[in-house]
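Engineer: Input: one structure, supplied below.
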Amino acid sequence: MIRSWRVWLAVSACLALALAGVVWLSVFALRLDRADRQARLSAAREENVRLALWRLDSELLPLVARESAVPAEAYAAVAPVPGVLDARNAPLPEGQAWMASPLLAGPPEHVLLHFQVDTAGNVTSPQVIEASLRASLGVAPPRVGEEVLRARLEHVSRQLGGLRLREALAARDAPASTGSPLSRVQSKLSSSFQELKNASEYDARSRSARQAASQNVVTYQAQEPSAARASPRAEMRALWVGDALLLGRLVRVDGQEVLQGCWLDWPGLSRWLQGRVEDLLPGATLEPARGDVTATGEGRLLAALPVRLVPGSTSGEEGSSGALSSLPLVLMVAWSGVALAGVAVVALLVGVMALSERRGAFVSAVTHELRTPLTTFRMYTEMLSAGMVPDAARRQEYFDILHREAERLSHLVENVLAYARIERGRAPARLEPVAVDALVSRLEPRLAERALQSGLVLSVDVPPDVTVLTDPSAVEQVLFNLVDNASKYAAGATDPRLHLELERRGRRVGLVVRDHGPGVDPATARRLFEPFSKSVQAAARSAPGVGLGLALCRQLARSMRGELRYAQAPEGGARFVLWLPTA
């Protein structure tokens, strides 16, 4: 027979291998699920980034188009108006009719200042003029205040003042020394100016005649020739100068190439743009894109401005890895199935091993229990058959011994068969009202005879008029087993009385079998109602039996909706109570 530890070792190894396989599959599945959710999240995030870039460029293009549509003449405080007629509908000579610049009213939204840089590096602004000229033109002061505009012009002058355009354009091939502030500005602007010049496509369409000036028209003595003063409008291009975001273009005015543009309010513009895409990218930010910044990495460049969009992290990326997945639930169900399967295997193995041990214990106990009566049968029958017992009294004694051994074997076989019926689910179920005193009176002679065989005296104390709902044959078998056990273990006690009493507790009636023997020790009491709990060694040291009687009695009691309990008697000995429901 394979020892139990070998079986447990083999089963543990199999379970460990199965568990390792399930763990590996779970980890692999979770990794695939996480990668899939990350891919879906990245795709959704990229789609939001594309939508955000499209939305930002859609908001910025009107701003760039508006600034590109400003005519070159508007960057001067006043400019001559061609095509003006006098009262006789005769055309006035060019240079006699002048019109105030539309930019005098102040910079529009998201623009801090409009400026112009000539070839000599002089920086001017149509919004910063003398108060007397503004009064003569009848233009109201700007909303932001003239002092603020002058401060802004000074700031732009420090950045761009003294810049010569042609030298800045040539500096793209030979960067200037970084020793002076002007050279640093030139090196920063050279490539951007070249882009502006290359990207300036002059509009071939002729400019429509301006409407006649009303209050903004002032007549001055013409000082300029009649030749065209400015080139057609060109598209604005954006560039960074320090921390200032500028829109600029190269145009020709009066035959000279000048830089015209505006200084954008980048802090306010960035806040406004971030608010436009907050629903798509809550954590997005806008950062300046310098000359050495490419569109790779996390930054995405806008088409209208040299600005990159940094999407940032979203709540989905910080908390979870995307949409909810059913894989954890599937894995939970799978792990539950594996756990239940493992528990079932262990429980089955425990049951099989317990059954095997019980079978071995039963075979050992029955073999030991049958050996003594069979030996007695063989010895006495051989003596009687051989005529070795001539004395009649001695022969009768031998016959009585054989009869007792036969009853002992019959009782053993009856217990085994009854327990087998209960194990197969064929427990007694014929419950009927029975008078307890009548039942005990019918069984008393048999019980008294069994007690007398061990030198005990049965004392019955059962009052009349007590009826229980039970199976009489099962009660008789339980009481006989209890009396038989008491006769085995209480034989030779100083008090030879064996009590059969009645006890009532609520709607239950208890039949008590009590002796004055040594009782049951606590270790044995814990296994008292286990079947075949008596080993071969215990059977050899104790009274005859296979350890099945009490287990059978409890099963019979429960089949009658009752219970069998054991308690140590206060005056010494063992005390068993068969509880039955009243009728």
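Derivation of every value follows stated rules applied to the coordinates shown; laboratory data play no part. It should be emphasised that the depicted structure is a prediction, and the values quoted were computed from it without experimental measurement. Note: ideal-geometry Cβ built from the backbone for every residue, glycine included; neighbour counts use all protein chains shown.
Engineer: Applying a 10 Å radius around every beta-carbon, put 381-393, 549-561 in order of their mean neighbour count, most first. Write out the running numbers ahead of the final one.
Structural biologist: Details: 381-393: 10.1, 549-561: 20.6.
Peptide ranking by packing, descending: 549-561, 381-393.
Engineer: Sequence gap at least 6, Cα distance under 8 Å: using those rules, report the relative contact order of the range 90-134 to the nearest whole percent.
Structural biologist: 29 percent
Engineer: Using a/c under 1.5 as the rounded threshold, could you call the range 95-159 rounded, prolate or oblate? The axes a ≥ b ≥ c are square roots of the C-alpha gyration tensor eigenvalues, and prolate needs a/b larger than b/c, oblate otherwise.
Structural biologist: oblate
Engineer: How compact is the range 13-165 by the rule of thumb for globular proteins, expressed as Cα Rg over 2.2 N^0.38 Å?
Structural biologist: Relative to the 2.2 N^0.38 Å estimate, the range 13-165 comes out at 2.11.
Engineer: Here is a follow-up. Given 20 °C and 1.002 mPa s, how large is the Stokes-Einstein diffusion coefficient of the range 35-77 in µm²/s, with Rh as the Kirkwood radius over Cα pairs?
Structural biologist: Numbers: Rh = 13.2 Å.
The Stokes-Einstein estimate is 163 µm²/s.
Engineer: Mind pulling up the Rg/Rh value for the range 2-100? Radius of gyration and Kirkwood radius, both on Cα.
Structural biologist: Using only Cα positions, Rg/Rh for the range 2-100 is 1.81.
Engineer: If you project the alpha carbons of the range 377-511 onto the principal axes, what extent comes out on each, in Å, largest first?
Structural biologist: 61, 41, 23
Engineer: Filter the trypsin sites (Lys or Arg not before Pro) in the range 1-87 down to the DSSP loop ones having no more than 16 other Cβ atoms within 10 Å, then list what survives.
Structural biologist: Counting only loop positions with at most 16 other Cβ atoms within 10 Å, the trypsin sites (Lys or Arg not before Pro) in the range 1-87 are Arg3.
Engineer: How large is the charge dipole for the range 16-120, taken about the Cα centre, if only the Cβ atoms of Lys, Arg (+1) and Asp, Glu (-1) carry charge, to the nearest 20 debye?
Structural biologist: Details: 9 positive and 12 negative charges, 156 e Å.
The calculation lands at about 740 debye.
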